[in-house]
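Novice: After the structure tokens below, expect a handful of questions from me.
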Amino acid sequence: MKVKDYSFRELDRKWVGFENKKACKKIAKKVKMRKLQSPIFGYFYIDKENGLSLRVVGNIEKDGRNKLYLDDTYILDKELVLDYQAVENYDVKILSDNVIDNLDGANVLENKLAANYKNINNFLDTRDMVELDNFRNDQFPDDIEVLLINSNDNPDELLWARIEGIMDVKPDVLICRLITSSYYNKDYVEETMVGVKYFHDEDSLKIVGLLKKRER
């Protein structure tokens, strides 16, 4: 299956392998590691600001005891990251837990990327909300398209917002940060914090108010 055929949930925090030689040559070229051979392995994770990303870890090697390991050179190189669009059309195989459990170095990288998974304001819970999937950006699963209802005869607008968590006092309201600005309402501009609610009866995602006015 190709990368794009999997949902972000199926790829998130998964070790994968790319076996196609042409694809591997392109991946090696993109990360400026031309000496890498197929198969090339990597680890998918979600970076809130950069979306679904692939951390390339090079080739899996075998030591004298036939033990699998990852080369520290690639584990420690923070620049070996490709975004979703760079690999979405490549065939990929998700590695089994048995392989990863016996792969030296795998936990090192996972621990390094764990900072992306701090569950502040129950933020990680929002990734399990399937009702939001129709509104998500394919590459940025934390970015959702929301409806702003305008007044004074101005037309309603669709804006993009990045999910930051869930409100404690109103658990059906998402804490979001606008990443696009309203054309008609100066209160709803980029970086403004807003409350967003999903309405089941309408299958719609609407801004229900400001949470914090943007500093001017």
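Novice: So, in the range 129-155, exactly how many residues are loosely packed, with under 12 Cβ neighbours inside 10 Å and of a type in the set (D, E, K, R)?
Specialist: Counting residues in the range 129-155 that are loosely packed, with under 12 Cβ neighbours inside 10 Å and of a type in the set (D, E, K, R) gives 2.
Novice: List every residue pair whose Cβ atoms sit under 6 Å apart, with the two residues 6 or more apart in sequence or on different chains, where the first one lies in the range 41-62 and is closer than 14 Å to residue 93 by Cβ and in the same structural domain as residue 110 (by TED's automatic domain parsing) and the second, anywhere, is assigned to a strand (DSSP E or B) and basic (Lys, Arg).
Specialist: Close Cβ pairs satisfying both conditions: 42/55; 43/55; 44/14.
Novice: Please work out which residue is farthest from the chain's Cα centre (by Cα), limiting yourself to the range 178-194 and to residues that are buried (at least 18 other Cβ atoms within 10 Å of the Cβ) and assigned to a strand (DSSP E or B).
Specialist: If we take residues in the range 178-194 being buried (at least 18 other Cβ atoms within 10 Å of the Cβ) and assigned to a strand (DSSP E or B), then 194 is farthest from the chain's Cα centre (by Cα).
Novice: Could you tell me which residue of the range 19-52 is farthest from residue 111 (Cα to Cα), considering only residues that are surrounded by fewer than 22 Cβ atoms within 10 Å (Cβ to Cβ) and of a type in the set (Gly, Ala, Ser)?
Specialist: 23
Novice: Checking the condition closer than 30 Å to residue 178 by Cβ, in the same structural domain as residue 113 (by TED's automatic domain parsing), in contact with a Ser or Thr (Cβ under 9 Å, 6 or more places away or on another chain) and not hydrophobic (A, V, I, L, M, F, W, C), which residue from 83, 12 passes?
Specialist: After applying the criteria, what remains is 83.
Novice: Identify, please: which residue in the range 156-177 is exposed (fewer than 14 other Cβ atoms within 10 Å of the Cβ) and among the hydrophobic types (A, V, I, L, M, F, W, C) and is, among those, nearest to residue 199 (Cα to Cα)?
Specialist: Once the filter is applied, the top-ranked residue is 158.
Novice: In addition: Being outside the structural domain of residue 30 (by TED's automatic domain parsing), within 21 Å of the chain's Cα centre (by Cα) and not in a loop (DSSP other than H, G, I, E, B) narrows it down to one of 133, 138, so name that one.
Specialist: 133
The values are calculated or read from the model by the stated rules, or taken from the named source; none is laboratory data. These figures come from a predicted structure and were not determined experimentally. Every residue, glycine among them, receives a Cβ derived from its backbone with ideal geometry; neighbour counts consider all protein chains shown.
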